[in-house]
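The values are calculated or read from the model by the stated rules, or taken from the named source; none is laboratory data. Worth saying up front: this structure is predicted, and the values here are computed from it rather than measured. Here Cβ is always computed from backbone atoms with ideal geometry, including for glycine, and neighbour counts include all displayed protein chains. The area values use the complete protein model at the heavy-atom level, side chains included, leaving out ligands, DNA and RNA. Shrake-Rupley method; radii C 1.70, N 1.55, O 1.52, S 1.80 Å.
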Amino acid sequence: MSKPLNVAILAFSGCQVLDVTGPAMVFEAGNIASGKAHYNVHILSTKGGTIQTNSAVALVTKPLQELPPGAIDTLLIAGGEASGLRALVANRSVRKWTVRASARARRFGSVCTGTFALAHFGLLGGKRVATHWSACSELAELCPQAHVDANALFVNDGRLWTSAGVTTGIDMSLAMVAADLGDAVANAIAKRLVLYARRPGYQSQFSPVLNAQSRAVAPFADLIDWIRDNLAKPLEVPKLAARVSMSERTFQRNFTRSVGVTPARFVETLRLDQTRVFLAAGLALKEIATKVGYRTSAQLSKAFDRRFGMTPLLFRQLHGRSDRVGAGSG
């Protein structure tokens, strides 16, 4: 039996606890789902011992020097409080160890603002990366040679993996496990962790539903939930206006003012967002069109191309799951 792969997660005082425990939980769950010890997870810090996270939780860690750089398969750096990150990147031994470990690891990366450590260590040059939405501008200024994707949940560029805020480290780790052990194992982990869905990296950090609900006033918040659950139905303005007991003109004006986009634009956004999920899962285009409320697959294709600048077929080729290769495009 081959030896387990060492997954090292570098933590520090003031780190975000989920940036550490989320990925750790996924890799450990991979061992359970696959029925073998495929991963050996190590929580590291500069000197080891107990460190305080930015919440009420403390973590027991090993000193990073305990794990030789050449022994690491996957290296991730957590994000967290700016003061803790500054102390981490100012430590010369941490810089030296991290640079050596990332050079020899099969893959390396960060969760949330851990990308700033990678930037300070000179490990982002020319790469496409993700970080927490609130820190994208700062990262782009710090590391102008990197291509900061302000929307992606996570980005994989060669051996480098970077994710946005907090829970996206779970999504990224699931993608790593899927690459190692297959989608069936990753799906089993998601089910075990009671995740609503495995979120792909291209999905925006900003859910169109949450965005809209955060802005919407009554009665539009409830209407948004109803629209999301009824995408296959006709969702023209007269029907939506009647549902909230408004005239069409009043509804059009008030919805746009409250949500920030017209009703038609909002409905199309939800339909196309769900289309991407179905395409990645391998559903046929004709079936998808029916599920999201388009009369024909041609009508859906035209809307998809107009919004994303690519055909549904090309999107499927780029993002489709490996276990559904060959699924019909409708």
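Details
- Value of Rg to Rh for region 263-303 (Rh from inverse mean 1/r over Cα pairs, i.e. Kirkwood): 0.94
- Net charge over other residues, Cβ less than 12 angstrom from the Cβ of Ile77 (K, R count +1; D, E count -1): 0
- Remark: accessible surface ordering of Val20, Val277 (largest first) is Val277, Val20, probe radius 1.4 Å.
- Nearby lysines by direct alpha-carbon distance to Lys47 (threshold 17 angstrom, same-chain neighbours under 8 apart not counted): Lys62, Lys96
- In loop segments of region 81-147 as defined by DSSP, the trypsin sites (Lys or Arg not before Pro) with at most 16 further C-beta atoms inside 10 Å of their C-beta are Arg106.
- Relative contact order computed over region 123-188 (Cα-Cα under 8 Å; 6+ residues apart), in percent: 28
- Local electrostatic count, Thr311, Cβ distance below 10 Å [Lys/Arg +1, Asp/Glu -1]: +1
- Based on Cα contacts under 8 Å between residues 6+ apart, region 23-74 shows a relative contact order of 26 percent.
- Bridges between two residues of the chain, per DSSP, are antiparallel at a rate of about 30%.
- In this view, the solvent-accessible surface of Ile170, computed with a 1.4 Å probe and all protein chains in place, comes to about 20 Å².
- Note on Glu141: accessible area is roughly 150 Å² with a 1.4 Å probe, heavy atoms of protein only.
- For Val60 and Ala221, a Förster radius of 35 Å and the Cβ-Cβ distance give a FRET efficiency of 0.25, rounded to the nearest 0.05.
- Choice from Asn91, Asn54, Asn156 with maximal GNM fluctuation in the chain (Cα, 10 Å cutoff): Asn91
- Calculated SAXS-style log₁₀ I(q)/I(0) at q = 0.18 Å⁻¹ - region 54-137, Debye, Cα scatterers: -0.82
- Relative protection proxy for 57-70, 31-44, from highest mean packing down: 31-44, 57-70 (other beta-carbon atoms within 10 angstrom).
- Cβ-Cβ distance of Lys233 and Ala179, R₀ of 30 Å, FRET efficiency by 1/(1 + (r/R0)^6): the value works out to about 0.20.
- Of all accessible heavy-atom area on the chain, the percent that carbon and sulfur account for (1.4 Å): 53
- Using a cutoff of 8 angstrom between alpha carbon atoms and counting only pairs six or more residues apart, the relative contact order for the chain works out to 12 percent.
- Rg(Cα) / (2.2 N^0.38 Å) computed for the chain, rounded to two decimals: 1.11
- Net dipole in debye of the chain [+1 Lys, Arg Cβ; -1 Asp, Glu Cβ; about Cα centre; nearest 20]: 460
- Compared with the dominant Cα axis of the chain, that is its longest principal axis, helix 263-281 is turned about 50°.
- For region 1-127: accessible area per residue (Å², 1.4 Å): 42
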